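Chemist: Dropping the structure in here first, questions after.
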Amino acid sequence: MTLDRTAAAYWKANIRIILICLVIWAISSFGFAILLRPALAALPFTIGGVDLGFWFAQQGSILVFIGLIFYYTWYMNRLDREFDVDEK
Amino acid sequence: MDQFTLNLLIVGATFALYIGIAIWSRAGSTSDFYTASRGVNPIVNGAATAADWMSAASFISMAGLIAFVGYGNSSFLMGWTGGYVLLALLLAPYLRKFGRFTVPEFIGDRFYSQSARIVAVVCLLVISITYVIGQMAGAGVAFSRFLEVQNSTGLLIASGVVFMYAVLGGMKGITYTQLAQYCVLITAYTIPAVFISIQLTGNPLPPLGLFSTHAESGLPLLTKLDQVLTELGFHDYTGLHSSMFNMFLFTMSLMIGTAGLPHVIIRFFTVPRVADARKSAGWALIFIALLYLTAPAVGAMARLNIITTIFPDGTAEQPIEYSQQPDWMETWAATGLLAFEDKNGDGRIQYYNDASDEFAATAAERGWEGNEMVTFNRDILVLANPEIAQLPGWVIALIAAGGLAAALSTAAGLLLAISSAISHDLLKSVFMPKITDKQELMAARISMAFAIAVATVLGMNPPGFAAQVVALAFGLAAATLFPALMMGIFSRKMNRQGAIVGMLVGLGATLLYIFTYLGWFFIPDTNMLANTPDNWLFGISPLSFGAIGAVLNFLAAYVTMKLTDEPPAHIQDLVESIRVPRGAEGAIDH
């Protein structure tokens, strides 16, 4: 079986990574910082005297966002080359 | 040297720098003017985007917004940064591949419809004009305070400077000016924050200082802050005191709105390659995060500082006497942004939450007759920071330059979005399709000058609704442009009927919802329902409605698409082609 190198397969791989990144994006901000904060508050440790949810709301989510964009950029550059659709 | 001379010198030097850059990078063609000929390094573009995006509100007001509400206003931090993830993943690379000059141009071409393009122009103009009024008004205020001139004189100087570099240089001039403005604003923001962080926690990095130990009490800084606040009857800093649902929706609206703001989107048209558009969004977020990670530290530390200044021996003891107040309080009291009133006539400053019923008994017991810090403008926090930390005069001057840089860079970006929509989308594509590149460049410059004039006039007499309109700008960006762009990229089958109906539904629903609570066209007393949480539909605040508007846009577009014809084959091919990066360079000239 040869690997599928078509534009459709490239797009499918792209959508997959976008969805994975967006799930992480949502969990770190809407999840940890807002909806799941009460659950995180039950954890036995604190950061600077407050629960992890507060840290995610004020700093953690922003750091996750930066990480996500650079990971996506790196992943897509690799994908572009693999599927031979990159700019020379 | 006195403070005034220092302000003049430092602000003057930064202005000379901006104008010098503009002359060096004059635009020679429409491609220069609209997109800096797509030759901008992605890291430079990231810094320019950061300056473009961070307005006077981010620079001056955000720390105060967080300081006075605490955790609940983390929405601003997450919302105004999370949008860049959406931009990097969902919009920037594809719009760059498409290789057009403006946002309405993409919408018009992708949906093969001049009507769609005109709807997009209308949305863009409403979003950008409302936003730019606030920036110009903010620049006027900053000038009048730091240069000690009349508000209107300050505004005229500001528009003169923007005129020089924006009209001359277009996107090319704006990009490099914004890079310089970013450097000025981040330096100005960070220096006082570092010193305050060292004073309070011994940690020179404010974002880490926020989560470290308060040197004086030995408690974690935030624990200490929660403690002094609750002891004075205020809400604790780290708890949630509004509805979780609304915080969720508000954060979502700010994120989607950020990703839909036209002046931010067009910045991604300026980089050479598709890969650079993704990378550039990451750099933009790094540069933004430098300020956004510092802001919550500034907010919390300044709030704690103010309370410990007023209650030097602890909140259970007597507050300081009026005669003992530090210099910065007197300075700011002179501006009217800080005001005291000795209600019980004991010569001491009582600062506490007199709206708290639980605290009322304690207050009565101690002979307090109401909160005596009667005015406390939130914007003071950042502006007075250098004085609170007792930093030298040049740091105060730097803050002035930083605030102006933040307001002017955003104004310039907005003005460019407005003028390119007028010259490129209205004149070139609808009214005068025959004009040459040279004439179009002239038209772009004239419409820029015209836009600056309008913004200056409106900034001088800001309509009462300028502040509320920011919510409208974000809501509309979220409810109209973002979904249209996203569907244009991710749905091959989305047709022009779907896009137009979607945008109109998003626009209409958002306007209707906001006007219902804030008044028709923000005219006082024309609101149909009082703007209180009890009246809100499902408890959704008008500020948070953008996210709902976006959902309605998607739904309406989908239903319309199902009922109408497929888009023509060449449009479906076009969508296929923007999904792959190869060939982006070929798309430059068209």
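Chemist: Per-residue Cβ counts within 10 Å, from other chains only, averaged over B:273-286: what number is that?
Modeler: Values: counts 3, 6, 6, 2, 1, 8, 7, 2, 4, 10, 4, 1, 7, 4.
Across B:273-286, the average partner-chain Cβ count within 10 Å equals 5.
Chemist: Give the average, rounded to an integer, of partner chain Cβ atoms located within 10 angstrom of each Cβ in A:6-12.
Modeler: Values: counts 0, 5, 2, 0, 3, 5, 0.
Mean partner-chain Cβ count within 10 Å for A:6-12: 2.
Chemist: Dipole of the range B:198-322, Cα-centred, from +1 at each Lys and Arg C-beta and -1 at each Asp and Glu C-beta, to the nearest 20 debye? Please report the intermediate quantities before stating the final value.
Modeler: Details: 6 positive and 8 negative charges, 204 e Å.
The calculation lands at about 980 debye.
Chemist: Excluding residues fewer than 8 places away in the same chain, name every one of the lysines whose C-alpha is closer than 20 Å to that of B:Lys428.
Modeler: B:Lys438
Chemist: Same structure again: For peptide A:43-56, compute the average count of partner chain beta-carbon atoms within 10 Å of each residue's beta-carbon.
Modeler: Numbers: counts 0, 0, 0, 4, 4, 13, 14, 13, 1, 0, 4, 10, 3, 2.
Taking the mean over all residues of the peptide, I get 5.
Chemist: May I pose another question? I'd like the Kirkwood hydrodynamic radius of the protein assembly as shown, using the inverse of the mean 1/r over distinct C-alpha pairs, in Å.
Modeler: Details: mean 1/r = 0.0386 Å⁻¹.
It is 25.9 Å.
Chemist: What translational diffusion coefficient, to the nearest whole µm²/s, does the range B:409-540 have by Stokes-Einstein, given a Kirkwood radius computed over alpha-carbon pairs, a temperature of 25 °C and 0.890 mPa s viscosity? If you can, show how the numbers build up before the last one.
Modeler: Numbers: Rh = 17.5 Å.
Roughly 140 µm²/s, to the nearest whole number.
Chemist: Also, quick follow-up: Need one number: nm distance between label points at B:Glu330 and B:Leu9, each 7 Å from Cα along Cα→Cβ, rounded to one decimal.
Modeler: 2.5
Chemist: Here is the link list: B:Lys172/B:Lys279; A:Lys12/B:Lys562; B:Lys279/B:Lys562; B:Lys97/B:Lys279; A:Lys12/B:Lys493. Which ones come out longer than 26 Å on Cα distance? Intermediate values should be presented prior to the final figure.
Modeler: Values: B:Lys172/B:Lys279 20 Å; A:Lys12/B:Lys562 23 Å; B:Lys279/B:Lys562 36 Å; B:Lys97/B:Lys279 14 Å; A:Lys12/B:Lys493 16 Å.
Going by Cα-Cα distance, B:Lys279/B:Lys562 fall outside the 26 Å limit.
Chemist: Roughly how many Å is it from the Cα centre of the range B:25-42 to that of the range A:48-62, as a whole number?
Modeler: Result: 41 Å between the Cα centres.
Chemist: What would the Debye equation give as log₁₀ I(q)/I(0) for the range A:21-83 at q = 0.23, 0.26, 0.27 Å⁻¹, counting only Cα atoms as equal point scatterers?
Modeler: Treating every Cα as an identical point scatterer, log10 I(q)/I(0) equals -0.86, -1.00, -1.04.
Chemist: Could you give the angle, 0 to 90 degrees to the nearest 10, between helix B:437-460's Cα long axis and the longest principal axis of the Cα atoms of chain B?
Modeler: 30
Chemist: From the alpha carbon gyration tensor of the range B:390-472, can you work out the equivalent ellipsoid semi-axes (sqrt of 5 times each eigenvalue) and give them in Å, largest to smallest? Walk me through the intermediate numbers first.
Modeler: Numbers: eigenvalues 232, 58, 20 Å².
Taking √(5λ) for each Cα gyration eigenvalue gives 34, 17, 10 Å.
Chemist: If each residue of separation counts as 0.36 nm, what is the full-extension length gain between B:Tyr112 and B:Arg492 once their alpha-carbon separation is subtracted? Intermediate results must be reported in sequence, preceding the final value.
Modeler: On the way: separation 380, 0.36 × 380 = 136.80 nm, distance 1.31 nm.
Result for the pair: 135.5 nm of gain on full extension.
Chemist: List the relative contact order of the range A:21-83 as a percent without decimals, with contacts defined as Cα pairs under 8 Å and 6+ residues apart.
Modeler: Taking the mean separation of contacting Cα pairs over the length of the range A:21-83, I get 35 percent.
Chemist: Please give the direction-averaged projected area of the C-alpha convex hull for the range B:11-100, in square nanometres with one decimal.
Modeler: The number I arrive at for the range B:11-100 is 8.0 nm².
Chemist: Send over the semi-axes of the range B:181-332's equivalent ellipsoid, whole angstrom and largest first, taken as the square roots of 5 times the C-alpha gyration tensor eigenvalues. Before the final figure, lay out the partial values.
Modeler: Working: eigenvalues 271, 78, 42 Å².
Over the Cα atoms of the range B:181-332, the semi-axes work out to 37, 20, 15 Å.
Chemist: Using only Cα atoms, locate the centre of the range B:230-274 and the centre of the range B:206-222, then give the distance between them in Å, rounded to an integer.
Modeler: Between the Cα centre of the range B:230-274 and that of the range B:206-222, the gap is 26 Å.
Chemist: Alpha carbon centre of the range B:467-500 versus the range A:66-88: separation in Å?
Modeler: 27
Chemist: Rounding to the nearest 20 debye, state how big the charge dipole of the range B:292-438 is about its Cα centre with +1 on each Lys and Arg Cβ and -1 on each Asp and Glu Cβ.
Modeler: Working: 8 positive and 18 negative charges, 260 e Å.
Rounded to the nearest 20 debye, it is 1260 debye.
Chemist: With unit charges on the beta carbons (Lys and Arg positive, Asp and Glu negative) and the dipole taken about the Cα centre of chain A, which residue among A:Ala7, A:Gly31, A:Pro44 sits farthest to the positive side?
Modeler: Farthest towards the positive pole: A:Pro44.
Chemist: Same structure, new question: For the range B:155-172, take each phi angle, set θ = phi - 60°, evaluate the Karplus expression 6.51 cos²θ - 1.76 cosθ + 1.60, and give the result in whole Hz per residue in order, putting x for glycine and proline.
Modeler: Once θ is set to phi - 60°, the couplings for the range B:155-172 become 5, 5, 4, 4, 6, x, 5, 4, 4, 4, 8, 7, 5, 5, x, x, 4, 5 Hz.
Chemist: Next question. Using the Kirkwood radius built from alpha carbon pairs, what does the Stokes-Einstein equation give as D for chain B at 4 °C and 1.567 mPa s, in µm² per second? List each step's numbers first, then the result.
Modeler: Values: Rh = 25.0 Å.
Translational diffusion coefficient: 52 µm²/s.
Chemist: Something else: Sequence gap at least 6, Cα distance under 8 Å: using those rules, report the relative contact order of chain B to the nearest whole percent. Intermediate values should be presented prior to the final figure.
Modeler: Values: 1065 pairs, mean separation 162.6, N = 590.
Taking the mean separation of contacting Cα pairs over the length of chain B, I get 28 percent.
Chemist: Follow-up question, since we're still on this one. What are the residues whose amide H is under 5 Å from the amide H of B:Arg348, where those residues sit 5 or more places off or on another chain and H is modelled from the backbone?
Modeler: Amide H neighbours of B:Arg348: B:Tyr322.
Chemist: Lys/Arg Cβ at +1, Asp/Glu Cβ at -1, dipole of chain B taken about the Cα centre: which of B:Ala406, B:Leu563, B:Leu476 is farthest positive-ward?
Modeler: My answer, from the dipole projection, is B:Leu563.
Chemist: Which ³J(HN,Hα) values in Hz, rounded to whole numbers, follow from the phi angles of the range B:284-295 under the Karplus curve 6.51 cos²θ - 1.76 cosθ + 1.60, where θ = phi - 60° and Gly and Pro get x?
Modeler: These are the phi-based 3J(HN,Hα) values: 4, 5, 4, 5, 5, 4, 4, 7, 6, 7, 7, 4 Hz.
Chemist: Angle, helix A:61-82 long axis vs. longest principal axis of chain A, Cα atoms, 0 to 90°, nearest 10?
Modeler: 10
Chemist: Something else about it: What total accessible surface area, summed over both chains, is buried at the interface between chains A and B, computed with a 1.4 Å probe and given in Å² to the nearest 100?
Modeler: Working: alone 6560 and 22420 Å², together 24670 Å².
The summed interface area works out to 4300 Å².
Chemist: Is there a quick way to get the dipole size of chain B? I mean about its Cα centre, with the Cβ of Lys and Arg at +1 and of Asp and Glu at -1; what is the value in debye to the nearest 20? Don't skip to the answer; put the middle values down first.
Modeler: Working: 29 positive and 38 negative charges, 644 e Å.
It works out to roughly 3100 debye.
Chemist: What percentage of the solvent-accessible surface of the protein assembly as shown, computed with a 1.4 Å probe over protein heavy atoms, is contributed by carbon and sulfur atoms?
Modeler: Numbers: 15970 of 24670 Å².
Its accessible area is 65 percent carbon and sulfur atoms.
Chemist: Convert each backbone phi in the range B:400-415 into a coupling constant with the Karplus relation 6.51 cos²θ - 1.76 cosθ + 1.60 (shift: θ = phi - 60°), then list the ³J(HN,Hα) values in order as whole Hz, x for Gly and Pro.
Modeler: Taking θ as phi minus 60°, the curve returns 4, 4, x, x, 5, 4, 5, 5, 5, 5, 5, 4, 4, x, 5, 4 Hz for the range B:400-415.
Chemist: Using modelled backbone amide H atoms (1.01 Å from N, in-plane), which distant-in-sequence or interchain residues come within less than 5 Å of B:Asn531's amide H?
Modeler: Sorted by chain and number, the residues that satisfy this come to none at all.
Chemist: Can you give me the angle between helix A:7-26 and the longest principal axis of chain A, using Cα atoms only, in degrees from 0 to 90, rounded to the nearest 10?
Modeler: 0
The values are calculated or read from the model by the stated rules, or taken from the named source; none is laboratory data. Just so we're clear, the structure is a prediction, and the values are computed from it rather than from any experiment. Cβ atoms come from the backbone with ideal geometry, glycine included; neighbour counts cover every protein chain shown. Quick note on the areas: whole protein, heavy atoms, side chains included, nothing else; ligands and nucleic acids left out. Shrake-Rupley method; radii C 1.70, N 1.55, O 1.52, S 1.80 Å.
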